[in-house]
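Here is the structure we will look at.
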Amino acid sequence: MTFVLFGTDGCHLCDIAAQLVVVAAEGIEVTIYQEDIAESDLLVERYGTRIPVILNELTEQELNWPFSAEQAREFLLNNNKRN
């Protein structure tokens with residue numbers, strides 16, 4: 001399953017979230033990549049006031065900040081099932 005961590009440069013909460021996601025994903029077969037919302041007006045409009053956000057690309061389920069490593073792990077596990 002593929003997840004996106006939306007954020008942007010200079011966002012300290014995004015840096016924290018990236019560290020939490022690394023911990024949360026340990027031992028789980030997932031792909032997580034980071035995307036800078038500043039590269040797209042659409043992403044800025046959608047996520048500009050909510051980043052960091054984790055998105056499941058398949059189901060479009062989102063986990064909005066604030067979240068802990070435990071909450072991120074639960075999100076990854078619960079949204080890692082293929083239907």
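The values are calculated or read from the model by the stated rules, or taken from the named source; none is laboratory data. Note that this is a predicted model, so its numbers are computed, not measured. With ideal geometry, Cβ positions are generated from the backbone for all residues, glycine too; neighbour counts draw on all protein chains shown.
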Exercise for review: May I ask you to list the residues in the range 42-69 that are touching a residue at least 12 places away in the same chain (Cβ under 8 Å), within 15 Å of THR8 (Cβ to Cβ) and part of a loop (DSSP other than H, G, I, E, B)?
Suggested key: ARG50, ILE51, PRO52, TRP65
Review point. Of all residues in the range 13-28, which are under 13 Å from ASN80 (Cβ atoms) and either exposed (fewer than 14 other Cβ atoms within 10 Å of the Cβ) or in contact with a Cys (Cβ under 6 Å, 6 or more places away or on another chain) (or both)?
Key: GLY27, ILE28
Review point. What's the number of the condition ALA72 fails, among (1) assigned to a helix (DSSP H, G or I); (2) at pLDDT below 95?
Key: (2)
Practice item. Scan the range 1-12 for residues that are surrounded by fewer than 13 Cβ atoms within 10 Å (Cβ to Cβ) and on the phi < 0 side of the Ramachandran plot and jot them down. Key: THR2, ASP9, HIS12
Point to revise | Residue ID - nearest to LEU77 (Cα to Cα), chosen from residues in the range 41-58 that are loosely packed, with under 13 Cβ neighbours inside 10 Å and not charged (D, E, K, R) | key: THR49
Check your understanding: If GLN34 passes every condition in (1) touching a helix residue (DSSP H, G or I) at 6+ places or on another chain (Cβ under 7 Å); (2) surrounded by fewer than 18 Cβ atoms within 10 Å (Cβ to Cβ); (3) not in a strand (DSSP E or B); (4) not acidic (Asp, Glu) but one, which one does it miss?
Key -> (3)
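Can you pull out every residue in the range 6-31 that is part of a strand (DSSP E or B) and within 18 Å of LEU77 (Cβ to Cβ)?
Residues of the range 6-31 part of a strand (DSSP E or B): 6-7, 31.
Correct list: THR31 only.
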